[in-house]
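Visitor: Below you'll find the structure I mean.
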Amino acid sequence: MPGKIRKRSPLKAPERPYIALGLEGSANKLGAGIIKHSPDGSTEVLSNVRHTYITPPGEGFLPRDTAQHHRAWALTVINDALKTAEISLHDIDCICFTKGPGMGAPLTSVALVARTLSLLYNKPLVGVNHCVGHIEMGRQITGAKNPVVLYVSGGNTQVIAYSQQCYRIFGETLDIAVGNCLDRFARVINLSNDPSPGYNIEQEAKKGKRLLTLPYATKGMDVSLSGILTSVEAYTQDKRFRPDGPRNEADTDIITPQDLCFSLQETVFAMLVEITERAMAHIGSKEVLIVGGVGCNERLQEMMGVMATERGGQVFATDERFCIDNGIMIAQAGLLSYRMGFETPLAKSQCTQRFRTDQVHVAWRA
Amino acid sequence: MTLYPVLYHSNMSEFNTPTQRIIAAATLISQGAEAKVYKAELHPPAISGSTSDEGYESEPVLIKHRFNKQYRHPTLDASLTKSRVAGEARAINKCLRAGVNVPGVRMVDLQEGVLGIQWIDGQSIRFLLGGGAEGEEEVEEVDDDGFEEDATESNEDSLKEYNITQDDTMQLIGKEIAKMHKADIIHGDLTTSNMMLRRPSASDQVPELVLIDFGLSYTSSLVEDKAVDLYVLERAFASTHPASESLFGTVMKAYEKEAGKEWKTIGRRLDDVRLRGRKRSMIG
Ligand SMILES: Nc1ncnc2c1ncn2[C@@H]1O[C@H](COP(=O)(O)OP(=O)(O)O)[C@@H](O)[C@H]1O
Ligand SMILES: [Mg+2]
């Protein structure tokens, strides 16, 4: 049996405190965060500010409008972050920004801010992979050492595990992301986008009683979600569907929006927990870390916790401050690579909409 | 046709059913991806009228118990468990008829979610190739002294025990999967955890490659389904055994040879599937 292998981390303790600014804007959240790594090995969040672009019920966010939102709020959000951290831009070591993946226009608008600050204050740039940002922040906050990671957000659904300086993708969605699936359904039943459609689905699901049959589609460590979205939408055309609750007391064989939210969550989350468990069994890991916006769903956390307990393991998750896209995670991952000597030259600071998690060289881990 | 006892019962109280008694007496081997697996002794079915087992050797079996998953809704859990146990038994029998190396079914209990299959004396390919992050522990920022250099597992020794080279092992894998696909069986979860080498009975014999874990399998003659099956395995190799890149190539060569003229369309489709995988939107 491969025994406990102890590996030395290539990351040396810093000889002085290092401070990084992180800027994120790959989707509809604009975030700025400031992090500090100290010689004693400690990490401190000095500030973590976010502003979300919220659209009216039934509407998604479009790239152009989202980029416009980020441009309008960039200075306010960054100034807020600096003020809370009680530092000036002169005090920081590097400016980290999301290089991708994400929506082109919003990504580019934030990268432009990062480049401008870099030139104005003569600070190096560090381009960060958004997914790696989520993972590194999750590891930092929870203390999980070498977990299987379930990364669930509006644009991504992946089961990831670290090996040999790479976050390898073991399983993923074969079509749409889980957050996308939930958000689109929220729009179908006209739920509010404030604070987020996913949050409102979770609240509605708590009132649901009836589990309706939806296609359960796991393929090895992959999942397919588009069929479920189609089926759950189809129930809103069913004769028994009552968008406003039962018509009278005798009206019992009915389907409510709450039932649909409940069924959608129960089915989709069961699939996610199952593929995570497959990955755990396959690589022999007992820790799970949930990251990404859907990761703050408490029902998902609860289900994952039960599964982990059944395997004698443990689940790690964070709350909305770190789960939902934010600037601090970009600062954290960026500073880790900066301490390994990595910088992004201005000429190579363009964004990439498609930037896979497994394309990053994770130099800071053994 | 394979003959095995199908157990029915209505009493669900603890240890009251034959299946529960078998599990209670069995040794837990491991907890796999969706089941607890045990090693147990099972006597062959008594022929009606006979009262003793005399003359029958007791045979070890692997008991695969898909226990209640408390994390998911009980209705969903019950229906998934039933369909997977039944599906696995069906697929195994189909494989046997097509001459694919799989462990034979010895017992089915849909109510309890239990499948009993022939015991394979051997080890999983994942183990033999030394894949996975088992027990890795990272230590940050420590002094150099007193530190053992990362002892990378050499698994050549484990394969040597089986009288086989890594290359030949890969060929066995490719051949067995091709045989399975020719019978229009899609595995659904092809990973190196789900194939085993059977220990050769004599030192001058070569081991047999056995495919296991058919819980997600189904029947299909579609080129697409076969290509996706191979794509799943390719990714499993890349993520689990990143150091050994050429391995999957050898698997595919052997697959191609066994698949014969069908390879052309499957291979071409596999290229498509790969491309789709890379193109898949990756929006944060
Ligand atoms: N027939 C068998 N004989 C011996 N060991 C087996 C047999 N089948 C499975 N195993 C062992 O049990 C593990 C889990 O079995 P598997 O069928 O893959 O269940 P799961 O669906 O839980 O992954 C395998 O990886 C293998 O090591
Ligand atoms: Mg298995």
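The values are calculated or read from the model by the stated rules, or taken from the named source; none is laboratory data. The structure presented is a predicted model; accordingly, all values stated were derived computationally and were not measured. Positions of Cβ are backbone-derived with ideal geometry, glycine not excepted, and every protein chain shown enters the neighbour counts. Quick note on the areas: whole protein, heavy atoms, side chains included, nothing else; ligands and nucleic acids left out. Shrake-Rupley method; radii C 1.70, N 1.55, O 1.52, S 1.80 Å.
Visitor: How much net charge surrounds A:L191 when only other residues with a Cβ under 12 Å from its Cβ are counted (Lys, Arg +1; Asp, Glu -1)?
Guide: So the surrounding residues net to -3.
Visitor: Can you compute the FRET efficiency between A:E59 and A:R242 using 1/(1 + (r/R0)^6), with r the Cβ-Cβ distance and R0 = 22 Å? Round to the nearest 0.05.
Guide: So the FRET efficiency works out to roughly 0.35.
Visitor: Kindly identify residues of region A:198-225 having a loss of at least 10 Å² in accessible area between the isolated chain and the assembly of all protein chains, probe radius 1.4 Å.
Guide: So the qualifying set is A:L211, A:Y216, A:T218, A:K219, A:G220, A:M221, A:D222.
Visitor: Moving on to the next point. How much length, in nm to one decimal, is gained on full extension between A:T213 and A:N79, taken as 0.36 nm per residue of separation minus their Cα-Cα distance?
Guide: Between A:T213 and A:N79, full extension yields an extra 43.3 nm.
Visitor: Using DSSP, restrict attention to beta bridges with both residues in the protein assembly as shown and report what percent are antiparallel, rounded to the nearest 5.
Guide: Roughly 70 percent of the beta bridges in the protein assembly as shown run antiparallel, per DSSP.
Visitor: Over region A:185-293, consider all pairs of different Cα atoms and compute the Kirkwood hydrodynamic radius from their mean reciprocal separation; express it in Å, one decimal.
Guide: That comes to 15.3 Å for region A:185-293.
Visitor: Can you list the lysines whose alpha carbon is less than 21 Å from that of B:K261, not counting same-chain residues fewer than 8 positions off?
Guide: Correct list for B:K261: B:K175, B:K179, B:K182, B:K226, B:K253.
Visitor: Starting from the Cα of B:Y218, step 7 Å along the direction of its Cβ; do the same at A:Y121; then give the gap between the two resulting points in nm.
Guide: Reported label-point gap for B:Y218 and A:Y121 is 5.4 nm.
Visitor: Going through region B:201-259, which GluC sites (Glu not before Pro) have at most 10 other Cβ atoms within 10 Å and a DSSP loop state?
Guide: The qualifying sites are B:E245.
Visitor: Using only protein heavy atoms and a 1.4 angstrom probe, determine the accessible area buried between A and B, summed over both sides, in Å² to the nearest 100.
Guide: The contact between B and A buries close to 5600 Å².
Visitor: Next question, about the same structure. Starting from the residue with the highest accessible area, list A:Y199, A:Y121 in decreasing order, probe 1.4 Å.
Guide: Result, largest first: A:Y199, A:Y121.
Visitor: Given R₀ = 60 Å, FRET efficiency for A:E44-B:D272 by Cβ-Cβ distance, to 0.05?
Guide: 0.75
Visitor: Using Cα positions and a limit of under 27 Å, work out the lysines in reach of A:K239, with same-chain residues fewer than 8 apart set aside.
Guide: Within the straight-line limit of under 27 Å, A:K239 reaches these lysines: A:K206, A:K207, A:K209.
Visitor: Taking 0.36 nm per residue of sequence separation and subtracting the Cα-Cα distance, how much length would be gained by fully extending the chain between A:V188 and A:E86, in nm to one decimal?
Guide: Between A:V188 and A:E86, full extension yields 32.3 nm more.
Visitor: What lysines could a cross-link reach from B:K36, if we take a straight Cα to Cα line under 23 Å and drop same-chain neighbours fewer than 8 places away?
Guide: A:K219, A:K286, B:K64, B:K69, B:K82
Visitor: Between region B:206-263 and region A:15-82, what is the separation of their alpha carbon centroids in Å?
Guide: Answer, in whole Å: 44.
Visitor: Moving on. What distance in nm lies between label points placed 7 Å from Cα along the C-beta direction at A:A363 and A:T252?
Guide: It works out to 6.8 nm between the two label points.
Visitor: Multiplying the sequence separation of A:S226 and A:K145 by 0.36 nm and subtracting their Cα-Cα distance, what value in nm do you get?
Guide: Full-extension gain reported as 25.8 nm.
Visitor: Check B:M107: other-chain or 5+ apart residues with amide H under 5 Å from its amide H, H built from backbone geometry?
Guide: B:G116
Visitor: Run the accessible area of region A:171-263 with a 1.4 Å probe and give the carbon-and-sulfur part as a rounded percent.
Guide: Exposed carbon and sulfur together represent 47 percent of the surface.
Visitor: Starting with the highest mean, order A:322-332, B:104-114 by the number of other Cβ atoms within 10 Å, averaged over the residues of each peptide.
Guide: Answer by packing, highest mean first, reads A:322-332, B:104-114.
Visitor: On to the next question. Can you give me the C-alpha center-to-center distance between region A:250-306 and region A:154-183, rounded to a whole angstrom?
Guide: One Cα centre to the other: 15 Å.
Visitor: Turning to a different aspect of this structure: Just checking the output field for B:182-192: average partner chain Cβ neighbours within 10 Å of each residue's Cβ?
Guide: For this peptide, the per-residue mean of nearby foreign Cβ atoms is 2.
Visitor: Counting pairs of alpha carbon atoms under 8 Å apart in space and at least six apart in sequence, what relative contact order in percent does region A:42-98 give?
Guide: Relative CO of region A:42-98 lands at 43 percent.
Visitor: Now, a different point. Would you check the accessible area of A:S163, probe 1.4 Å, heavy atoms only, in square angstrom rounded to 10?
Guide: Here the residue's solvent-accessible area equals roughly 20 Å².
Visitor: Which percentage, to the nearest 5, of the DSSP beta bridges contained in chain A is antiparallel?
Guide: DSSP beta bridges in chain A are roughly 60 percent antiparallel.
Visitor: While we're on this one: At a 10 angstrom cut-off on C-beta neighbours, averaged per residue, how do the peptides A:147-159, B:191-203, A:82-94 rank from highest to lowest?
Guide: Highest to lowest by the protection proxy: A:147-159, B:191-203, A:82-94.
Visitor: Run the numbers on chain A and let me know its relative contact order in percent, using alpha-carbon pairs under 8 Å that are six or more apart.
Guide: 26 percent.
Visitor: Report the accessible area of B:W119, computed with a 1.4 Å probe over the heavy atoms of all protein chains in place, in Å² rounded to the nearest 10.
Guide: 60
Visitor: Considering the protein assembly as shown, which cysteines have no disulfide-compatible partner, defined as another cysteine with its Cβ under 4.7 Å away?
Guide: That list is A:C94, A:C96, A:C131, A:C166, A:C181, A:C261, A:C351, B:C95.
Visitor: Taking only protein heavy atoms and a 1.4 Å probe, what accessible area per residue, in Å², does region A:1-78 have with all protein chains in place?
Guide: Accessible area per residue, region A:1-78: 48 Å².
Visitor: Using a Förster radius of 56 Å, what is the FRET efficiency between B:D204 and A:M340 based on their Cβ-Cβ separation? Nearest 0.05, please.
Guide: That pair, B:D204 with A:M340, gives E of 0.60.
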